[in-house]
Amino acid sequence: MNSTLISLELAVGLIGLAILLIDLWTPLARKAQLGYVAAAALGVVLVLSFTIDSSTAQYGFGQTYVRDALAMFFKRFFLIAAIIVLIMSVEFADRIQAGISEFYAIVCFALCGMMFAASSNDLVMVFVSLELITVSFYVLTSFQRAKVKSLEAGVKYLIMGAVSSAFMVYGIALVFGIAGTTNFQKLAAAAVTLSAKPIFLAGILLVFVGLCFKIAAFPVQMWAPDVYQGSPTPATAFLAVGSKAAGFVLLLRLLFSAAPDVTHRWGLFLAAIAAITILYGNLCALPQRNLKRLLGYSSIGNAGYLLLGAVASNQAGSAAILYYLAGYLFTVLAAFTVITIVTRQAEDEDITILAGLNQRSPLLARALALSMISLAGIPPLAGFFGKFLLIKAVVERGAGHPAFLILIGLTILGVVISFVYYLGVVRAIYWSRVIPDSSEIVISMPARVTLCVCIAGMVIFGLFPGGLINAANAATNALHF
Amino acid sequence: MSPILTSIVGLPLAGAVAVALVPRNYRFVIRAIAQAATFLSMLIAFWMFWQFIPGKDGFQFVSSFEWVKSLGITLKLGVDGLNVGLVFMGTIVAFAATSMSYMIKDREKDYYLLLLVMITGILGAFASLDIFFFFFFHELALIPTFIMIGVWGKGDDKNYATFNITLYLTLGALIALVGLIALYVQTGAKSFDIAAITAYVKANPIPVNTQNWIFPLLLFGFGILVSLWPFHTWAPLGYGAAPTATAMLHAGVLKKFGLYGILRIAVPLMPEAARSWMHVIAFLCLGNIVYCGLVAIRQRQLNLLIGNSSVAHMGLIFLGIASLSVVGVTGAVVIMIAHGLLAALSFAINGHLYHQTQTENMDQMGGLMKRMPFIGTVIVATMMAGCGLPGFANFVGEAMTLFAAFKNFHLVTALAVWGALVIGAVYMLRAIRNIVHGPMPEHWQRANDAQGPLRKLPFILLGGTLLVFGCFPGLLTEKIKFSVEPIVNMANSTPAPAHK
């Protein structure tokens, strides 16, 4: 047992517990500030994570846990996401009646689950880490207890989450029943005999469906818009970035580490899932007026784009997923931070609250506009290069194959449709006819810094993608295609 | 390494950064920065155009910066005969458009920031020798266009026009992008460098069945960007709603991007597919010339008339490309340059008239020569150039194109001549009569001519260049033809082996 292997996860879990303890000795008025303490502590963990050498994979806990470049990439990703979400939560604290420290602590616990997920090397580990994430989110989504919408979101997430967990456990049981192991390497080694057996395929399929729930992909995407709309905004942000990325790292491990043979045969199946997800997300987002709901549907659309990387079944595709997620992190968190600040006085998140934002706060206007432009995939922002890499990976896999050409065609259609609602937000910011409220918006210093970091992330990844591409390539070296 | 093109493209970008740093209420400083950046860029481009050596092999003034090594993407800028004139024309239009922006009084900082970013994108797209950046720069201009039309645009269907133009252009650009990526993957050259890909394809021609699915992607993707009939509906609407400078830059320069892409990439790399599609293009271009010409006749709004006539002119360029001969393609490039200046001039006139009279309806105009002798003269000259009057560069290009096209397409060329010369003359001459001649309505009494040399400068520059190139076409054709020759030779080369 090498427990230094999980030092980062332990540190994060301890930070969560420490926040709960410190809370006891903190006066009520200052409890909200604990979010900064937690964020700073996670910042230290993030810095320390760069001292860990992950060039060779290290296994532990009976081969269920692996620390390789892919795991470290995602651990850092989750840490950055959690830090930004915690700062966002402090901005949101005035809207949470009681227990803000618990909110911070649970964010840390969810983060701990995500970091374990990044290192999963066994289906049991996959399930345990996912449960840690999902159970934490059951609480986070319904944290505004006085708000019916928030409770509704929590219940919906609970039911859908429980159903997909059941799918996953059943799938794991089937796989174990036929293969006698849940370890990824052993499954891959036995692939030649296993991948012909329908029960094994059914098991993998069920686990896949369970993961589709996490990434909000068809056929288990229904929860996303409701939960996104009802949850407290920081919880939505963490759900949109952290939970989705955790789903994707597990998907990568499942598809390209545990069952690469199956994946290769499933090219058309995955293509169909991706195409439906892209079209569903983008078409449903068109008529939305609620910003968070709009981002909920957009998140489904983005899950579809990300699945293109899995469809490609090559290293370029998986590296593109990593790149896209890194850009998506800053883009989406910028959007949710702006929404958190703008909705402080507003009752709901209707798009009309953005009217005149350009006069009220140029920084917020710029951050949200850039985030929408990056999501739409326009240079020089990160979203553009991410989509470029994903489409390139699919063309590399299936140039000339009609099914993949259709998939690319539908992707283009989805992107063009998405322009309508993303640019609709830009229009609301810059040229709304009626400006109901033109008072200046005050932004706290940490939130200001966060927004600047997010903008810098979008621009730098878009203008200088070389370093991130190399990191993504290094992280995906261990996968099999 | 040559700093020439880097500074031509980089100066507007540096200007944008500088504008971003200046406080909002220093309005004069902001304008001065924008003017200075585009003016310097134009001067350097002029020097480049002058120093350009016709007939020299390969690209000149090349500068390159490695960007993403693992993917073979380099920021490589350079010119040959095909794009040296386009870049020069782009800088003139950019300076003229910045000069015409004095009409903008609202949120000037945002406006000039977006304008300079748009100019960077436009000039970068034409100077890039790497297909990734070629695309990247084009898309860079998209959002400024969107916001500029939305915030500073005019007309009742501004919103509709804004989304219409943005969605159409995105669709076209993405279709072309898939084609470009497919080309990159297919050639296996592991480089986005146009020269490297061309060299690779020369040695290993692309199989015909691969050409047959990549070429249409590029043709229609780029075709949408050029408003090839029947994908042209965005253009008159969008230009009608756009602020003057945006319309000048977009109709004048950015719209040529698709044509440039077809000539630089699609035609030489995929000769078999190009040859089989040229008949289709020849017929589609009639849609532009005849159909859009007839639509232009019906317009009562000056901005829509100019928009439709600019779509109609694109047909002649397509016809020149379809001829696949040195004379025809050279003529097409000459029209690209001439039309860029002409469209910018037309929209500058429209902008001035709208600024003075708050109307674009030609029925409410008339007798303008009395109040505006200078603008009136410019209008007559512009409209005449639009009909193809000798002495203007448009005539040179149109004559070359039509002569060359007649060899392959008798009927199409005959109809095109009829469409370009007769239909064009009808709406241009009617516009002159309606605007410049006749009795002057009351409300025109307070309308003013362009005042002072600074306000006249954009008109003089654009019109003057048009005249100079019209009287001395060798300045252009001598440069263009040497670069067109290899493209036409590749396009007419013997069939590639089908196996690979």
Problem set entry | Estimated [θ] at 222 nm from DSSP helical runs (n ≥ 4, -39500 (n - 2.57)) normalised by residues in chain A, nearest 500 | -24000 deg cm²/dmol
Exercise. Separation between the B:Leu389 and B:Lys105 pseudo-spin-labels, each 7 Å from Cα along Cα→Cβ, expressed in nm?
Worked result: 3.5
Problem set entry | Amide hydrogen neighbours beyond the local backbone of B:His437, cut-off 5 Å, H modeled | B:Gly367, B:Leu368
Problem set entry | Tensor-based shape of segment A:382-481 (alpha-carbon gyration tensor, a/c under 1.5 rounded, otherwise prolate or oblate) | oblate
Exercise. Going by average Cβ neighbours within 10 Å, how do the peptides B:291-303, B:79-91, A:208-220, A:442-454 rank, with the highest at the top?
Worked result: B:79-91, A:208-220, B:291-303, A:442-454
Seminar exercise, completed: By the Cα gyration tensor axes a ≥ b ≥ c (a/c under 1.5 gives rounded; else a/b larger than b/c gives prolate, otherwise oblate), the shape of the protein assembly as shown is prolate
Exercise. Which of the lysines could a cross-linker bridge to B:Lys109, judged by Cα under 21 Å and excluding same-chain residues fewer than eight apart?
Worked result: B:Lys154
For this session: Report, in deg cm²/dmol and to the nearest 500, the calculated mean residue ellipticity at 222 nm for chain B, where each DSSP H run with n ≥ 4 adds -39500 (n - 2.57) and the sum is divided by the residue count.
Result: -23000 deg cm²/dmol
Exercise. On average, how many beta carbons from a partner chain sit within 10 Å of the beta carbon of a residue in A:459-472?
Worked result: 2
Seminar exercise, completed: Going residue by residue through segment B:310-317, the Karplus relation 6.51 cos²θ - 1.76 cosθ + 1.60 with θ = phi - 60° gives ³J(HN,Hα) values, rounded to whole Hz and with x marking Gly or Pro, of 5, 5, 4, 5, 4, x, 5, 5
For this session: Could you run the Karplus curve 6.51 cos²θ - 1.76 cosθ + 1.60 with θ = phi - 60° over segment A:475-481 and give me ³J(HN,Hα) per residue in whole Hz, x for Gly and Pro?
Result: 5, 9, 4, 6, 7, 10, 10
Exercise. Between segment B:379-419 and segment A:31-67, how many Å separate their Cα centres?
Worked result: 70
Exercise. Among the lysines, which fall within straight-line cross-link reach of A:Lys214, defined as a Cα-Cα distance under 23 Å, with same-chain neighbours fewer than 8 residues apart omitted?
Worked result: A:Lys75, A:Lys149, A:Lys156, A:Lys244, A:Lys292, A:Lys387
Problem set entry | Rounded to whole Hz, the Karplus (6.51, -1.76, 1.60) HN-Hα couplings of segment A:246-256, x for glycine and proline | 4, x, 6, 5, 5, 4, 4, 5, 5, 6, 10
Exercise. So what's the angle, to the nearest 10 degrees on a 0 to 90 scale, between helix A:315-342 and the longest Cα principal axis of chain A?
Worked result: 20
Problem set entry | Size-normalised alpha-carbon gyration radius of segment A:266-481, reference 2.2 N^0.38 Å | 1.06
Problem set entry | Per-residue mean of C-beta atoms belonging to partner chains within 10 Å, peptide B:172-185 | 5
Problem set entry | Residues with amide H under 5 Å from that of B:Lys190, placed H, sequence gap 5 or more | none
For this session: Working from Cα positions, state the angle (0 to 90°, nearest 10) between the long axis of helix A:382-398 and the longest principal axis of chain A.
Result: 20
Seminar exercise, completed: Here the relative contact order (percent) of chain B, from C-alpha pairs under 8 Å and at least 6 apart, is 17
Exercise. For chain B, what is the convex hull (Cα atoms) projected area averaged across all directions, in square nanometres?
Worked result: 21.2
Exercise. Out of residues 5 or more away from B:Ser227 or on other chains, whose amide H comes under 5 Å of its own, with H placed 1.01 Å from N in the peptide plane?
Worked result: none
Problem set entry | Cα-based reach from A:Lys392 at 19 Å (exclusive), listing lysines while leaving out same-chain residues under 8 positions away | B:Lys69, B:Lys190
Exercise. In degrees, nearest 10, range 0 to 90: what is the angle between the Cα axis of helix A:69-92 and the longest Cα principal axis of chain A?
Worked result: 20
Problem set entry | Relative packing of A:43-52, A:20-29, which averages over residues the other C-beta atoms within 10 Å, highest first | A:43-52, A:20-29
Problem set entry | Order of A:Tyr104, A:Tyr59 - criterion: other Cβ atoms within 10 Å of each residue's Cβ, fewest first | A:Tyr59, A:Tyr104
Exercise. When only Cα pairs under 8 Å and 6 or more residues apart are kept, what is the percent relative contact order across chain A?
Worked result: 15
For this session: Based on alpha-carbon positions alone, could you give the equivalent ellipsoid semi-axes of segment B:38-125 from the gyration tensor, as √(5λ), descending, whole Å?
Result: 28, 19, 8
Problem set entry | For A:Glu347, B:Glu398, B:Glu478, order by how many other beta-carbon atoms lie within 10 Å, fewest first | A:Glu347, B:Glu478, B:Glu398
For this session: Provide the packing ranking of B:309-318, B:439-448, i.e. peptides ordered by the mean count of other C-beta atoms within 10 Å per residue, highest first.
Result: B:309-318, B:439-448
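Readers should treat all values here as calculations from the given coordinates under stated rules, not as data from a laboratory. Remember, predicted model here, so these are calculated numbers, not experimental data. Cβ atoms come from the backbone with ideal geometry, glycine included; neighbour counts cover every protein chain shown.
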